[in-house]
Amino acid sequence: MTASATDDRDAGLAAQYEAYPYPERNPQDETRRLFIGSPSHLREVDYWVFGAQRPRSKPMRVLVAGCGTGDGAIMLATQLARADRPAEVVCLDRSTKALSIAQARAETRKLDNIRFVEGSLNELDALELGLFDYIDCCGVLHHLPNPAAALQTLERHLTPGGGMGLMVYAPFGRTGVYMLQDALEKLAPLTQSPEERLDVARRVMRTLPATAWLRQNGNFGDHLSGGDAGLYDLLLNPRDRAYTITDFLALLDQAGLEPAALMEPARYDPTLFLPDPRLRARLATLPWQEQAAIAEDLAGNMATHVAYVVRKHAGLTKPDPLDPNAVPIMREIPGAELAKQMTPDNMLPFPFGTLVVPIPLPPQARGILPLIDGERTVGELTAILATRGVNAEKFRHVWQESFHILERLNRVLLRSPA
Ligand SMILES: C[S@@+](CC[C@H](N)C(=O)[O-])C[C@H]1O[C@@H](n2cnc3c(N)ncnc32)[C@H](O)[C@@H]1O
């Protein structure tokens, strides 16, 4: 067993990521693309964790706990560097091989705001890395022997006012995975080497019946396009548990944390699937946690939960989108492009994973979206719309509604002060 492993399964996990660092990445590819995702997109961190109130000039210390080959760390460090923001991104992992790939990716990008630490999350205190304004822990907690203890440890390493971006597996969208995992553990026991176990998985996949739930499940493609690392991680991982949103909220609660936002917030709103007014009235009587659980039950396709979390009762005040000095900013897709995606009847087809839901927008959103450039204030937008015959009162109304919808789709956010 490796020094940091707490039991045989944990030793198997350490061996897995040494043999098949995850995700499978070639550092040379950094010259031609940047992976963008959640959690840890800089604009999301600024908005959802810090409520668009933390000055961009304020140095930010980041921990990427279980960074793997570095997708999240490379994205965030690149975004921070491009925006010329003072920051240090500390990448922690216990896989030497994964860290060496993450490091090579950072070197290809000439990032000098990132450093790499080999060590275990279980021994975070002893590593004396200090406190962090933001901690990313993506796809890690659900593999650990004691996720609650690990999350509590991470929480102790947050600065006052700091927050985290987390991702854990969710059960319903992973239907079929655990059946295969059970079968493979019998056919390829943990006592075998990672290479032997992978070979067995490949053989099983070759003749997997068409009726197997895994085959019917299009919510993820790791086993099809993720190479050896993807197949191993999905089907042979020695420890992997999935959390319903109710389980996940309980895990957060135990660590003194609560969500600032689930990603995307609208995804956890069951009214999207329940137009019936009687059912909507009933939903309105339920606490948001139960509503989120209903959305997960009804959609059935959530394979992960992504959340930005802060300390309970942190008193995070949401920014006011109607403040004339507020600066709206597109998360990633330019406003003009998003406006083009609107259908003639003013619907925005929005992909919640594999499910595309038409979201109604005010027709005027088509004209407002292309004006959002991350520089113009709401006051300036009001003035421009006035020249087009939309008076201030009408603009206020339309903007409030548009922002509310697009914020909950994580498409339009507000910029932090300089
Ligand atoms: C599924 S990968 C996720 C990688 C990355 N966060 C991502 O989302 O692409 C899980 C990572 O957690 C690391 N890990 C697992 N247990 C750990 C521990 N106790 N301490 C540090 N890293 C650990 C593994 O080595 C592996 O690189």
Report summary line: The number of residues in the stretch 109-126 that are more than 10 Å from the ligand (Cβ to nearest atom), over 20 Å from residue 37 (Cα atoms) and not aromatic (Phe, Trp, Tyr) is 5
Report task. Please tell me if residue 69 is polar (S, T, N, Q), farther than 14 Å from residue 132 by Cβ, open to solvent by less than 20 Å² (accessible area, probe 1.4 Å) and within 13 Å of the ligand (Cβ to nearest atom). Result -> yes
Report task. Please go through the stretch 236-288 and pick out each residue that is open to solvent by 60 Å² or more (accessible area, probe 1.4 Å), part of a helix (DSSP H, G or I) and either among the basic types (Lys, Arg) or closer than 20 Å to residue 50 by Cα (or both). Result -> 253, 278, 280, 282
**Report entry** Scan of the stretch 78-119 for residues that are within 20 Å of residue 24 (Cβ to Cβ) and among the small types (Gly, Ala, Ser), ordered by number
**Finding:** 95, 98, 100, 102, 104, 106
**Report entry** Residue identified as open to solvent by 20 Å² or more (accessible area, probe 1.4 Å) and in contact (Cβ under 8 Å) with a residue 12 or more places away in the chain among 189, 145
**Finding:** 145
Report summary line: Counted residues in the stretch 252-311 being β-branched (Val, Ile, Thr) and without any contact (Cβ under 8 Å) to a residue 24 or more places away in the chain come to 2
Query raised in the report: Considering only residues of the stretch 365-402 that are at negative phi and part of a loop (DSSP other than H, G, I, E, B), which is surrounded by the most Cβ atoms within 10 Å (Cβ to Cβ)?
Result: 372
Report task. Would you mind telling me which numbered condition in (1) more than 10 Å from the ligand (Cβ to nearest atom); (2) within 16 Å of residue 140 (Cβ to Cβ); (3) of a type in the set (Ser, Thr, Tyr) residue 40 fails? Result -> (1)
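One line per residue, one yes/no per condition, for (1) outside the structural domain of residue 111 (by TED's automatic domain parsing); (2) within 16 Å of the ligand (Cβ to nearest atom); (3) not acidic (Asp, Glu):
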{"site": "24", "(1), (2), (3)": "no, yes, no"}
{"site": "47", "(1), (2), (3)": "no, no, yes"}
{"site": "58", "(1), (2), (3)": "no, no, yes"}
{"site": "61", "(1), (2), (3)": "no, no, yes"}
{"site": "64", "(1), (2), (3)": "no, yes, yes"}
{"site": "96", "(1), (2), (3)": "no, yes, yes"}
Query raised in the report: So which of 82, 54 ends up being without any contact (Cβ under 8 Å) to a residue 12 or more places away in the chain and open to solvent by 20 Å² or more (accessible area, probe 1.4 Å)?
Result: 82
Query - Residue count for the stretch 372-418, restricted to those that are over 30 Å from the mean Cα position of the chain (by Cα) and more than 20 Å from residue 53 (Cβ to Cβ) - result: 18
Query raised in the report: Taking the stretch 127-142 as the search range and keeping residues that are away from the ligand (no atom under 12 Å from the Cβ) and open to solvent by less than 40 Å² (accessible area, probe 1.4 Å), which one is nearest to the chain's Cα centre (by Cα)?
Result: 134
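The values are calculated or read from the model by the stated rules, or taken from the named source; none is laboratory data. Computed from a predicted structure; not experimentally measured. All Cβ positions, even for glycine, are placed from backbone atoms using ideal geometry, and neighbour counts span all protein chains on display. Calculation scope for accessible area: heavy atoms of the full protein, side chains included, ligands and nucleic acids excluded. Shrake-Rupley method; radii C 1.70, N 1.55, O 1.52, S 1.80 Å.
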